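Report on one structure; see the data block that follows.
The values are calculated or read from the model by the stated rules, or taken from the named source; none is laboratory data. It should be emphasised that the depicted structure is a prediction, and the values quoted were computed from it without experimental measurement. Neighbour counts run over all protein chains shown; Cβ positions are idealised from the backbone, glycine included. Only protein heavy atoms, including side chains, enter the accessible area calculation; ligands, DNA and RNA are left aside. Shrake-Rupley method; radii C 1.70, N 1.55, O 1.52, S 1.80 Å.
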Amino acid sequence: MDRVKTAAEYHIQGYNCGQAVACAFADVIGLPVERIAALTGTFGGGFRAGEICGALSGGGLVLGARWPHTEIRDMKAKSLVSKKMMEFERRFLERVPGLRCGEIRDLPPRPEISPAARRLELQKSCDVYIAAAVEILEEMLAEA
């Protein structure tokens with residue numbers, strides 16, 4: 001499965017950045033695409049306020065599904081998913097020039113930050129950020 005291509009297609013069809021990233025991992029999340037899209041509908045445009053990048057937020061949902069913290073007193077699970085999110089954010093910042101949608105969405109696209117973005121010839125900044133987020137998530141899942 002080419003998750004970057006799937007995510008790019010979701011975005012091109014009209015899903016926001018968070019929806020596109022999360023829906024590409026429906027098998028990991030364990031929910032139908034339609035349900036994931038509903039849960040992440042507010043993630044685009046930095047929670048509609050120019051804040052945290054939707055690609056990063058969608059990735060957070062994937063990480064939470066893979067490394068869930070479901071029991072209040074389970075500090076080990078809470079610590080693990082927190083560390084995974086911090087690692088995801090660190091890797092994202094190695095490629096993307098910021099975390100705030102309002103600061104990065106209108107920057108010129110830099111496909112060089114994502115091998116898959118180059119391969120798919122993605123031409124918009126948000127598409128490149130989505131590709132980078134998906135690649136990082138795939139790396140992290142493979143490392144587990």
Subject >> Count - residues of the range 17-38 that are surrounded by 15 or more Cβ atoms within 10 Å (Cβ to Cβ) and free of Cβ contacts under 8 Å to residues at least 40 places away in the same chain >> reply: 8
Original post:
If you check Arg90, Arg73, which single one turns out to be open to solvent by 30 Å² or more (accessible area, probe 1.4 Å) and assigned to a helix (DSSP H, G or I)?
Top reply: Arg90
Original post:
Quick check: is even one residue across the range 103-115 in contact (Cβ under 8 Å) with a residue 60 or more places away in the chain, part of a helix (DSSP H, G or I), β-branched (Val, Ile, Thr) and closer than 15 Å to Ile136 by Cα?
Top reply: no
Subject >> When residues of the range 2-16 are limited to those that are assigned to a helix (DSSP H, G or I) and out of contact with any Cys (no Cβ under 8 Å at 6 or more places or on another chain), the one surrounded by the fewest Cβ atoms within 10 Å (Cβ to Cβ) >> reply: Gln13
Original post:
Are any of the residues in the range 53-69 closer than 21 Å to Cys23 by Cβ, of a type outside the set (A, V, I, L, M), outside any helix (DSSP H, G or I) and touching a helix residue (DSSP H, G or I) at 6+ places or on another chain (Cβ under 6 Å)?
Top reply: yes
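Tell me, please, whether a residue that is hydroxyl-bearing (Ser, Thr, Tyr), touching a Phe, Trp or Tyr at 6+ places or on another chain (Cβ under 9 Å) and over 13 Å from Arg3 (Cβ atoms) can be found in the range 50-59. So that I can check it myself, show each step before the final result.
Narrowing the range 50-59 to residues hydroxyl-bearing (Ser, Thr, Tyr): 57.
Those still in the list that are touching a Phe, Trp or Tyr at 6+ places or on another chain (Cβ under 9 Å) too: 57.
In the following step, the residues that additionally are over 13 Å from Arg3 (Cβ atoms) were identified as 57.
Scanning the range 50-59, I find at least one residue that is hydroxyl-bearing (Ser, Thr, Tyr), touching a Phe, Trp or Tyr at 6+ places or on another chain (Cβ under 9 Å) and over 13 Å from Arg3 (Cβ atoms), so the answer is yes.
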